[in-house]
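Each remark here refers to the structure printed beneath this line.
Read the figures in this text as sums done on the coordinates, not as results from a lab. Just so we're clear, the structure is a prediction, and the values are computed from it rather than from any experiment. In this analysis, Cβ positions are derived from the backbone assuming ideal geometry, glycine residues included, and neighbour counts consider all displayed protein chains.
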Amino acid sequence: MQQTLDRTTIIASAPRSPDCPVKPVTPAMPRTQRFVLPNRRGSVLKGCLIAVAVMLVLVIGLGIFVAMTWRGFVAGTIKTASVQAISESSLPQDQKDRLTTRMTGLADDFKNGTLTFPQIIQIMQSIEQSPLIPLATVYAASSKLVEPSDLTTEEKAAAQRSIGRFARGVVEEKISSTAMDDVLASVATRGQNGQFELKQSATIEEVRTFIAAAKAKADDASIPDEDFQFDVATEVDKVIDRGLQK
């Protein structure tokens, strides 16, 4: 008797390797169902690509954040330091107000991109290297040490004229800025940052030495014996304007 074997029976009775990942089709299994080994390498690679993409997004985002905020940080530092230094100075209030307005505007111009980084560096270095800061110390000595001293009214008036003549000589570049050391030697010292630091108090002899040194420098440079009003705010404006033209 001839047996008729259908396709299902043939596949079921076919020898199989133990390592074969494919199960035979049984009558209960739909004909369209198949077993496929998972592609683990593809999954890992896909996961790595996603991680790299996320990392790139974070790096780009951080770069954009830094690019948008570093100008604000620098501008804020300039503004805070300038305003503090100006407020602690002994300058007349009108000069303080003008200086504060100019330095605040300078910081804002850098923050919004009107000023470039090289420009702001050039301007700040020009201010630092100019005789303006030492001259401000000279006038601070005048207001904090000369005026409260026991000098007579006539001596104080003569002192103001000598200090004004010395400042004029420095501003007009007829007196070297290095002369500051000789003039301020008796009433100020140089700090660790190289800037002059005014003494909290001075003897009458130290005050007289300070005045005599200023007068001697003015006389040596043939500075006219007349009143001169030193305006720090105006001089700072000139330095900034020169920096903006470069």
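Observations on the structure shown:
- Inter-label distance, nm, simple model (7 Å from Cα along the C-beta direction), Asp241/Gln93: 2.7
- Taking 20 °C and 1.002 mPa s as conditions, region 98-142 diffuses translationally at an estimated 182 µm²/s according to Stokes-Einstein applied to its Kirkwood radius (Cα pairs).
- Compactness of region 69-246 as Cα Rg over 2.2 N^0.38 Å, two decimals: 1.10
- For Gln84 and Asp227, a Förster radius of 30 Å and the Cβ-Cβ distance give a FRET efficiency of 0.45, rounded to the nearest 0.05.
- Here the label points at Glu128 and Ala158, each 7 Å from Cα along the C-beta direction, are separated by 4.1 nm in the simple model.
- Relative to the current alpha-carbon distance between Ser176 and Phe117, full extension at 0.36 nm per residue lengthens the span by 18.2 nm.
- Cross-link table Lys79/Lys217; Lys96/Lys217; Lys111/Lys238; Lys144/Lys217; Lys79/Lys174, entries beyond 26 Å C-alpha to C-alpha: Lys79/Lys217; Lys96/Lys217; Lys79/Lys174
- For the peptides 181-191, 104-114, 222-232, residues were scored by their other Cβ atoms within 10 Å and the scores averaged per peptide; the highest-first order is 181-191, 104-114, 222-232.
- Compared with the direct C-alpha span, the chain from Thr100 to Thr69 gains 8.9 nm at full extension, assuming 0.36 nm per residue.
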